[in-house]
Each structure stands twice: as structure tokens, then as C-alpha cells.
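Okay, structure first, notes after.
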Amino acid sequence: MSSILVFQSDFGLVDGAVSAMEGVSIGVDSDIRIHHLTHDITPYNIFEASYRLFQTIEYWPTGTVFVSVVDPGVGSKRKSAVAKTKAGQYIVTPDNGTLTHIKKYVGIEEVREISETTNRRKNTEASYTFHGRDVYAFTGAKLASGKITFEEVGPSYDPDEIIELPTVETEITADSVKGAVDILDVRFGSLWTSITREEFLSLQAEYGERLEVSIYNHDNLVYQNGVVYGRSFADVRIGAPIIYINSVYRVGLAINQGSFAKAYNIGVGQQWSIEIRKIRQ
């Protein structure tokens, strides 16, 4: 193992929750190296947690252990799992949809259910609302430090049984592609769509070409305009919109030095659809 432990949650940093998870991990092995993906996941937003893992995981070494805790069903019958990716990283998480993007776009080689009889911190059996500390950080630290093997996490189960959240499939025609606004580049307000680079390239658009962009909230048209397709934000003037391919090879929509989401009150989720169409000359 790499002794690297990466935490993600919707806990924020205003109280002691994340610190408690760090303390448990260091209690397992004081040499463990703890890093943080984010603790600003929108509360209860499992889809967002799934996407941020997908956005990040491939840049970490083989053997890295991720602990992702966005768990609105804590204390229920949902499984506690450790998934091993095809690239050899591990994700310790509730099996509640958090593994959706990893399974679909990265690949899961094997998954095991955490055996809480051996992989739960002692004297926490009467606590039902902080599995992030008592089960996930504890198990993740044991795995990352080599105190247990992956096989000792618990019994394996079929990766096909992993809970998956619905995702939007791209609709492609001769002159258009249509998908969803999956997530935001939060700090800058850019829209990250479900449309892959390969799907977008079916339009055979050229850099500098203007394409018609339509965004709907359910069936209500919220935005429609011609937008330039560029390599980077500097390809348009400050304040102008741009279509680009983002860092995870999905179509993005941004305003150069502005927030597209705030400018047009755009949200995320399957109800937010985006269509990009060639403009007929």
C-alpha cells in the first residue's frame, strides 16, 4: 500500500468531524499521509461526490485509498464498501451511488463489503450516525497502512450489484448533440456537461466557429445563443461565453472571467439539459 489516504465528504470544516476522522486514522498508523479531495460537497449530494472522485482519482498513485463519506442513509441497511479500481486505487464509501462514475468511466475490478465485526473502531457499536469516523476512516487507514489486506476488508460481492445513480446518455444527430449539465466548476461558475469530447467532435466543429447553445430547465428554455467554440477562455473577449473541452474531456460552457451559472441562473442535474447545434449557413 502507498500509505496515502484521501478524504472527501460533505461535512465542511466548521466543526470537528473531519478532524475526528484524521485522528482515528493517525491512531491506526502515525506515519499515514492524509490528504483532502474536498469537504465542500453539497450536503447529501451523492452524484456530486461520485463526480468529484471521477474528476480526481486517476491522478493518484496505485494503492491510494480514498474515503468518501456523503451518506444521507447513514445507519440504514445500505452496504459499507471498499471498491478496487482497475488502476489499483481503493475507495471506502457507503454503497449508495458514490461509485457510479468510477464504475462507468474508470472501472471497478472488485468490491468488498466492510465487515464491521473486525473493521470498526472499538467502543463505537452504539453510535449509528458517524460511520465516516467509526467505520470508513478506520478501515481506510488500516488498508492504506497495510494493517489489513483488501481481502481482510470483508466478503466480496458482484460489482454488478453496486448501486448506481442514473446518468444521461448523449443524444446525437447529424447536426446536434444533447446532454445534461452534470456539475459546476464551482468557484468559477462554468458548466460541465455530460457530453464527451468524442461525442462533441461528431459535429465536426472548427475552433472559432459559432454554435447554437440551448439550455432547458425541464421543458423551459432558459438560455439560447450563438457561442464560439474555442481552445481556452482567452479565445473570446472578457465577459463573452465560450464552448470548450474541459479537463475531464467533457464539453464545458463558460464566460471568460465570469460565472455562466450565476449570469443565467443555471443549475445542475438531469432536469438541466443542454443542446449544441451547428448553425446552418
Point to revise | Which numbered condition Leu211 misses (of (1) open to solvent by 60 Å² or more (accessible area, probe 1.4 Å); (2) more than 30 Å from Leu53 (Cα to Cα)) | key: (1)
Check your understanding: On the given criteria, is Thr42 open to solvent by 50 Å² or more (accessible area, probe 1.4 Å), in contact with an Asp or Glu (Cβ under 8 Å, 6 or more places away or on another chain), β-branched (Val, Ile, Thr) and assigned to a loop (DSSP other than H, G, I, E, B)?
Key -> yes
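The rows are residues; the columns are (1) open to solvent by less than 10 Å² (accessible area, probe 1.4 Å); (2) in contact with a strand residue (DSSP E or B) (Cβ under 9 Å, 6 or more places away or on another chain); (3) not in a strand (DSSP E or B); (4) not aliphatic (A, V, I, L, M).
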site: Arg237; (1), (2), (3), (4): no, no, yes, yes
site: Ile242; (1), (2), (3), (4): yes, yes, no, no
site: Val248; (1), (2), (3), (4): no, yes, yes, no
site: Leu253; (1), (2), (3), (4): yes, yes, no, no
site: Ala263; (1), (2), (3), (4): no, yes, yes, no
site: Gly267; (1), (2), (3), (4): no, yes, yes, yes
site: Gln271; (1), (2), (3), (4): no, yes, no, yes
site: Ile276; (1), (2), (3), (4): yes, yes, no, no
Review point. Based on what the data block shows, is Ile57 within 20 Å of His131 (Cβ to Cβ) and β-branched (Val, Ile, Thr)?
Key: no
Check your understanding: Tell me, which residue of the range 11-39 that is surrounded by 15 or more Cβ atoms within 10 Å (Cβ to Cβ) and among the charged types (D, E, K, R) is nearest to the chain's Cα centre (by Cα)?
Key -> Glu22
Review point. Which residues, taken from the range 145-170, are touching an Asp or Glu at 6+ places or on another chain (Cβ under 8 Å) and of a type outside the set (Val, Ile, Thr)?
Key: Ser145, Lys147, Phe150, Gly154, Pro155, Ser156, Tyr157, Pro159
Review point. What pairs can you find where one residue is in the range 152-180 and under 18 Å from Ile102 (Cα atoms) and open to solvent by 40 Å² or more (accessible area, probe 1.4 Å), the other is outside any strand (DSSP E or B) and hydrophobic (A, V, I, L, M, F, W, C), and their Cβ atoms are less than 7 Å apart, with a gap of 6+ or different chains?
Key: Leu165/Ile46; Leu165/Phe47
Point to revise | Every residue from the range 146-174 that is over 25 Å from the mean Cα position of the chain (by Cα) and on the phi < 0 side of the Ramachandran plot | key: Lys147, Ile148, Thr149, Glu151, Glu152, Pro155, Thr173, Ala174
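The values are calculated or read from the model by the stated rules, or taken from the named source; none is laboratory data. These numbers come from a predicted model, not from an experiment. Quick reminder, even Gly has a Cβ in these numbers, built from the backbone with ideal geometry, and neighbours come from all protein chains shown. SASA here: full protein model, heavy atoms, side chains in, ligands and nucleic acids out. Shrake-Rupley method; radii C 1.70, N 1.55, O 1.52, S 1.80 Å.
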